[in-house]
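What follows is a set of notes on a single structure, which appears directly below.
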Amino acid sequence: MPMGPLRKLSLANFSTKMARLDATMESLNGNTHVATLQKWREAGKEAEFLVELTRGAGEKKPETAAEMAKCLAKGSPTMSLVCREVLAARILDPVDPQKYKQHQKLLIGEATPVNAYWIMSTLRALCIDARILHAGLSNKAKAEMVDLFNDPKSSLKVLIMMYDVGAYGLNLHEACNRILITSIARSFALEEQLCGRTNRVSPEVLLEPSGD
């Protein structure tokens, strides 16, 4: 994960509202680091909370889930790309691999925890089950999340995977062939390892990598 000025640049590159969130938290003697995100997660603070912290002066308060997601995606090329990939993966449609000739799930690679939290919260505002596979989870919780994602008929449609989670030997090809890299990893090897999670011997459908 980028640190100091590089981290601020990474957040601003992700979204202008993300940069505002980070600045707002600093003005309140807080931050957007992992410990803070965990507190937000435990308190169920997601899309509506993020909107209230980042809504600009005179900006209308969202009244629907769609308006809330639109508000969070505003000023974020990355979120626009995520939404396009969700549509391309047919995540909102009933599961039908014979019709679409592809899996209907999406794996996202991300380096910065708060960016992952923003993506998750935005998608959940649209009633899309999105979760973050991160190093803070127990081995049991990670295994359960992976098993759920590998089930083509499960509710879990988008898995946001942090590069530091340790993906060696992890198989995610059973229900996913679409990968989106939303931020650059510390090395190409980490990105390559992420892509390898869904690219296994004799996959039912071809891997479709994408990048921001």
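Here's a check for you: in segment 136-166, which residue that is among the hydroxyl-bearing types (Ser, Thr, Tyr) and under 18 Å from the mean Cα position of the chain (by Cα) is surrounded by the most Cβ atoms within 10 Å (Cβ to Cβ)?
First pass over segment 136-166, keeping only residues among the hydroxyl-bearing types (Ser, Thr, Tyr): 138, 154-155, 163.
Those left that are additionally under 18 Å from the mean Cα position of the chain (by Cα): 154-155, 163.
Values: SER154: 14, SER155: 9, TYR163: 22.
Looking at the filtered set, the residue picked out is TYR163.
Of the residues VAL82, VAL86, only one is among the β-branched types (Val, Ile, Thr), at pLDDT 95 or above and over 21 Å from THR16 (Cα atoms); which?
Details: VAL82 fails: over 21 Å from THR16 (Cα atoms).
One residue alone meets the criteria, VAL86.
Being of a type outside the set (Asp, Glu) and free of Cβ contacts under 8 Å to residues at least 24 places away in the same chain narrows it down to one residue among LYS153, LYS142, LYS101; which is it? Give the derivation first.
Values: LYS153 fails: free of Cβ contacts under 8 Å to residues at least 24 places away in the same chain; LYS101 fails: free of Cβ contacts under 8 Å to residues at least 24 places away in the same chain.
Answer to the check: LYS142.
Just for helices (runs of 4 or more DSSP H) wholly inside segment 1-72: which have at least 2 residues that are touching a Pro at 6+ places or on another chain (Cβ under 9 Å)? Working first, answer last.
Numbers: elements: 4-14, 16-27, 34-43, 47-54.
It comes to 4-14, 34-43, 47-54.
Filter segment 124-172 down to residues that are hydroxyl-bearing (Ser, Thr, Tyr) and out of contact with any strand residue (DSSP E or B) (no Cβ under 9 Å at 6 or more places or on another chain) and give me whichever is nearest to ILE108 (Cα to Cα). If we take residues in segment 124-172 being hydroxyl-bearing (Ser, Thr, Tyr) and out of contact with any strand residue (DSSP E or B) (no Cβ under 9 Å at 6 or more places or on another chain), then TYR168 is nearest to ILE108 (Cα to Cα).
The values are calculated or read from the model by the stated rules, or taken from the named source; none is laboratory data. Note that the structure is predicted; figures quoted are calculated from it, not measured. A quick note on method: Cβ atoms are made from the backbone with ideal geometry, for glycine too, and the neighbour counts reach across all protein chains shown.
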